[in-house]
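In what follows, a single structure is set out as structure tokens and then discussed.
The values are calculated or read from the model by the stated rules, or taken from the named source; none is laboratory data. Bear in mind the structure is a predicted one, so any value in this text is a computation, not a measurement. Here the Cβ positions follow ideal geometry from the backbone for every residue, glycine too, while neighbour counts run over all protein chains shown. These accessible areas exclude ligands, DNA and RNA; they are computed on the full protein's heavy atoms, side chains included. Shrake-Rupley method; radii C 1.70, N 1.55, O 1.52, S 1.80 Å.
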Amino acid sequence: MSAEASAQPTPPDADAGPELRAALLDTMRAMGGAGLNVGSAGNASVRLPSPACMLITPSGLPAERCRPEDMAVVGADGNWRGLFAPSSEWQLHRDIYAAFPDAGAILHAHAPFATALACQRLDIPPFHYMIARFGGSTVRCARYATFGTQALSDAAVAALHQRSACLLANHGMVVFGRELQHALALAIEFETLCEQYWRTLQLGPPVLLSTEEMAEVIERFRWYGKPRG
């Protein structure tokens, strides 16, 4: 399939209501307010029921210039509907939704500290127990690939295996959550961890938690912050 989404009609029931469109725009603006993005960098999406795949922010428009109706609906086949083309990273979002059923919303940002670590192509080791918040004892850095390509999508999906966040080499971060608010909270928390790790490195290599210590934390995180079933 082409790396470019096609401007073809999506099924009538693939649309998203005004409240979800407004929530997605609010999330994108909140990413800027939290210092995760500047200008038109970064993107966000929310999963839609089949046969649609997602509602995603438009390509090349700063959040402050967007309106709720500017959000684009993209199908799993790459067909889209909207006033503007979807983000150039629509493929990345689509493939994460396909690979991870728990992903209800996805945020991609060029946040300062996450991007600094990504440009060093560093995995984040267990320097702090809150690394377990993202599913394991490390947060991986995906291999480098050009933005908007299938290669980048494949690299991100691999790095997100059993994780809810990863770095993209020489690029930024990707985080997914249950819904938009959850994904935003995780992205802010992840950027904070990236800053803490960056600052720790200024003092020298950190003392890392052991495999046993992280295993205990990961077990505790199985219920931490989860909705009651």
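With everything on Cα atoms, drop me the angle between helix 150-159 and the longest principal axis of the chain, reported from 0 to 90° to the nearest 10. In the chain, helix 150-159 runs at an angle near 40 degrees to the longest axis. Summary of packing: across the peptides 206-216, 53-63, the per-residue average of other C-beta atoms within 10 Å ranks them, highest first, as 53-63, 206-216. For the chain, the longest principal axis of the alpha carbon atoms and the long axis of helix 18-33 meet at an angle near 40°.
Could you tally the net charge around A114, taking each other residue with its Cβ under 11 Å from the Cβ of A114, Lys/Arg +1 and Asp/Glu -1? The partial results should precede the final answer.
On the way: positive: none; negative: E191, E195.
Result for the neighbourhood of A114: -2.
Across all directions, the shadow cast by the convex hull of segment 52-98 built on its C-alpha atoms averages 3.0 square nanometres. Phi angles across segment 80-90 convert, under the Karplus curve 6.51 cos²θ - 1.76 cosθ + 1.60 with θ = phi - 60°, into 3J(HN,Hα) values of 9, 9, x, 6, 10, 4, x, 3, 4, 9, 4 Hz, Gly and Pro given as x. Count Lys and Arg as plus one, Asp and Glu as minus one, and take only other residues whose Cβ is under 13 Å from that of A103; the net charge is then +1. Mean-square fluctuations from a GNM of the chain, with a 10 angstrom spring cutoff on Cα atoms, peak among R121, R199, R47 at R199. Net charge within 10 Å of D154 by Cβ-Cβ distance, Lys/Arg positive one each and Asp/Glu negative one each, not counting D154 itself? Neighbour charge sum, excluding D154 itself: 0.
Of the residues C119, A159, L180, the one whose Cα sits farthest toward the positive end of the charge dipole of segment 119-229, with +1 on the Cβ of Lys and Arg and -1 on the Cβ of Asp and Glu, is L180. Applying 0.36 nm per residue to the separation of H161 and A99 and subtracting their alpha-carbon distance, the gain on full extension is 21.4 nm. Between A116, A16, A99, the GNM of the chain built on Cα springs shorter than 10 angstrom shows A99 fluctuating the most. Counting only alpha carbon atoms, the long axis of helix 180-203 and the longest principal axis of the chain meet at about 40°. Taking amide H as placed 1.01 Å from N in the peptide plane, L168 has its amide H under 5 Å from the amide H of A142, M173, V174, each at least 5 places away in sequence or on another chain.
About its Cα centre, the dipole of the chain is roughly 200 debye, where the only charges are +1 on Lys and Arg Cβ and -1 on Asp and Glu Cβ.
I'd like the distance separating the alpha-carbon centroids of segment 113-166 and segment 36-106, in whole Å. Cα centroid of segment 113-166 versus Cα centroid of segment 36-106: 20 Å apart. Spin-label pair T200-R65: with each label point 7 Å from Cα along the Cα-Cβ axis, the two points sit 4.0 nm from one another. For the set T200, T27, solvent exposure ranked by accessible area (probe 1.4 Å, protein chains only) runs largest to smallest as T200, T27. Most tightly packed first, judged by the mean number of other beta-carbon atoms within 10 Å of their residues, the peptides 172-183, 138-149 read 172-183, 138-149.
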